[in-house]
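S.K.: Sharing a structure, written as structure tokens. Questions coming.
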Amino acid sequence: MAPRGQARENLLQAAIKLIRQHGYNGTTVDDLCAEAGVTKGAFFHHFKSKDDLAKVAADYWSAATGELFANAAYHKQEDALDRVLGYVDFRGELIEGDVSEFTCFVGTMVQEAYQDVPEIRRACQESILGHADTLTDDIREAMAKNGISGDWTPESLARHTQAVLQGAYILAKATGGTEIALESVRHLHRYIELLFEPAARRRAA
């Protein structure tokens with residue numbers, strides 16, 4: 001059994017691991033307790049239900065991944081566009097190993113729970129779009145520096161990066177490997193470069 005005081009943390013980590021492996025509906029409270037090394041009594045001491053655990057786990061995931069990205073090396077780039085492209089490349093670097101180890105916890109969970117558990121849908125929305133928001137300032141700065149304008153906004157491009165990445169994870173699950181996901185990330189990198197290419201051509205002229 002888990003040490004006293006460690007049960008909550010173990011359950012959150014168990015939720016992230018098992019839901020990425022088996023999906024939300026395929027993960028039971030018994031599975032979570034077994035993985036976490038806790039009793040059902042300990043589970044219900046910390047969480048009212050599996051849905052309640054899932055909502056908390058979405059916030060836990062956001063905090064953990066937020067720290068990972070906040071400390072990533074691409075932030076050291078002086079040029080804003082290089083930081084945006086560096087972010088995309090960093091996402092590609094994280095795609096390795098078993099599919100369940102690199103796919104998105106909240107992206108996996110929301111695909112099953114969005115219709116029946118609105119609270120989980122909202123938690124996943126906040127996690128995914130909150131992460132997208134971390135890109136908008138760099139995109140805005142890159143647009144201003146390069147004189148880029150159009151029928152799109154920094155916010156819409158930031159959201160598009162998440163749409164591509166979540167789609168890449170679905171394809172990885174469908175194929176059982178990394179290559180098709182990495183291909184999608186490389187296309188995303190090229191797409192962003194093309195959005196800023198007119199300004200690059202003007203500077204070179």
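The values are calculated or read from the model by the stated rules, or taken from the named source; none is laboratory data. Note that this is a predicted model, so its numbers are computed, not measured. Because the Cβ atoms are built from the backbone with ideal geometry, glycine has one as well, and the counts that use them run over all protein chains shown. For accessibility, only protein heavy atoms count, side chains too; no ligands or nucleic acids. Shrake-Rupley method; radii C 1.70, N 1.55, O 1.52, S 1.80 Å.
S.K.: Which numbered condition in (1) more than 25 Å from the chain's Cα centre (by Cα); (2) in contact (Cβ under 8 Å) with a residue 40 or more places away in the chain is the only one that GLY37 fails?
M.R.: (2)
S.K.: Going by what's in this entry, would ALA80 be described as among the small types (Gly, Ala, Ser) and touching a Gly at 6+ places or on another chain (Cβ under 9 Å)?
M.R.: Spelling it out, it is not the case that ALA80 is among the small types (Gly, Ala, Ser) and touching a Gly at 6+ places or on another chain (Cβ under 9 Å).
S.K.: Would you please list the contacts, defined by Cβ atoms under 6 Å and residues six or more apart or on different chains, that run from a residue in segment 147-167 that is farther than 20 Å from GLU93 by Cβ and open to solvent by 60 Å² or more (accessible area, probe 1.4 Å) to a residue that is polar (S, T, N, Q) and part of a helix (DSSP H, G or I)?
M.R.: Hits for this filter: GLU155/THR136.
Residue by residue, here is whether (1) more than 24 Å from SER127 (Cβ to Cβ); (2) touching a residue at least 40 places away in the same chain (Cβ under 8 Å); (3) not charged (D, E, K, R) holds:
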{"position": "HIS45", "(1), (2), (3)": "yes, no, yes"}
{"position": "LYS48", "(1), (2), (3)": "no, no, no"}
{"position": "ASP51", "(1), (2), (3)": "no, yes, no"}
{"position": "ALA54", "(1), (2), (3)": "no, yes, yes"}
{"position": "TRP61", "(1), (2), (3)": "no, yes, yes"}
{"position": "LEU68", "(1), (2), (3)": "no, no, yes"}
{"position": "ALA72", "(1), (2), (3)": "no, no, yes"}
{"position": "LYS76", "(1), (2), (3)": "yes, no, no"}
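S.K.: Quick test of your reading of the structure: ASP138 fulfils all but one of (1) open to solvent by 50 Å² or more (accessible area, probe 1.4 Å); (2) of a type in the set (Asp, Glu); (3) over 12 Å from the mean Cα position of the chain (by Cα). Name the failing condition by number.
M.R.: Among (1) open to solvent by 50 Å² or more (accessible area, probe 1.4 Å); (2) of a type in the set (Asp, Glu); (3) over 12 Å from the mean Cα position of the chain (by Cα), the lone unmet condition for ASP138 is (1).
S.K.: Can you pull out the helices (runs of 4 or more DSSP H) entirely within segment 1-86 that have at least 1 residues that are touching a Cys at 6+ places or on another chain (Cβ under 9 Å)?
M.R.: 7-22, 40-46, 50-70
S.K.: Within segment 84-105, track down each residue that is of a type outside the set (A, V, I, L, M, F, W, C) and open to solvent by 30 Å² or more (accessible area, probe 1.4 Å).
M.R.: Listed by number, the residues that qualify are ASP89, GLU93, GLU96, GLY97, ASP98, GLU101.
S.K.: When the residues of segment 10-52 are narrowed to those that are loosely packed, with under 14 Cβ neighbours inside 10 Å and among the basic types (Lys, Arg), which ends up nearest to GLU112 (Cα to Cα)?
M.R.: The extreme case among them is LYS48.
S.K.: ASN71 is checked against (1) exposed (fewer than 13 other Cβ atoms within 10 Å of the Cβ); (2) on the phi > 0 side of the Ramachandran plot and fails just one. What number does that condition carry?
M.R.: The failed condition is (2).
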